[in-house]
């Protein structure tokens, strides 16, 4: 099929939409936490096994960069530690000074990319200082800051709609240095938003970094 790139696992990406020259997404992973693996971790049919190796990443257009770096961040509440700027400063290391912390309950954090991009991938690190599961991880994109125009959900593991963004079908996962990387498949948007609703270690919410990969034009 002309203009189509096979990605494996049943996924097919239209290379015409993203550009014909493709390559595997490259991410420089942060260092692992020094806290060590706890004796017990959340398990079950709705939780992905703990990752122990670099994930196999997917194809993206050549020349993609993190277009979220340095961009404006807003959130559903004021931070009680850290700054909004931490979320797009390029630092996702497992250190206290790299983390934005926000109140308990449903929490969203949004990034204004400044203009519309054809988004190839989104990578999110909530808080990999500790091995833990964050609940109701949702990743969305939209054309407006209110997320009312052309809202699309790219990832959702809210299994009971407790965050009121719809019931998700994705699995929960344990926070590690690899975060969560989602294939956006060239969807066009200016705004990116992520949700959590506390985690297995704390009712509070944290964000270390949101990265958005696209070709800068």
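Bear in mind these aren't lab numbers, they're just calculated from the coordinates by the rules spelled out. Predicted model, so just to flag it, every value in this text is computed and none were measured. Every residue, glycine among them, receives a Cβ derived from its backbone with ideal geometry; neighbour counts consider all protein chains shown.
Figures for the structure shown
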| quantity | calculated |
| --- | --- |
| Option label - Rg/Rh (Cα atoms, Kirkwood Rh) computed here, alternatives (i) 1.01; (ii) 0.94; (iii) 1.26 | (ii) |
| Value of [θ]222 nm, deg cm²/dmol, for the chain, DSSP H segments ≥ 4, -39500 (n - 2.57) each, nearest 500 | -500 deg cm²/dmol |
| Ordering of 201-207, 151-157, 110-116, 45-51 by burial proxy (mean other Cβ atoms within 10 Å per residue, highest first) | 201-207, 151-157, 110-116, 45-51 |
| Residue 35 versus residue 216: modelled label distance in nm, points set 7 Å from Cα along the beta carbon direction | 3.3 nm |
| For segment 28-105 and segment 178-217, distance of Cα centres in Å | 8 Å |
| Extension gain, residue 56 back to residue 28 (0.36 nm per residue minus Cα-Cα distance, nm) | 8.8 nm |
| Residue 115 paired with residue 74, simple spin-label distance in nm, labels 7 Å along Cα-to-beta-carbon | 2.1 nm |
| Rounded, prolate or oblate (a/c below 1.5 giving rounded, otherwise prolate when a/b exceeds b/c) for segment 33-74 by Cα gyration tensor | prolate |
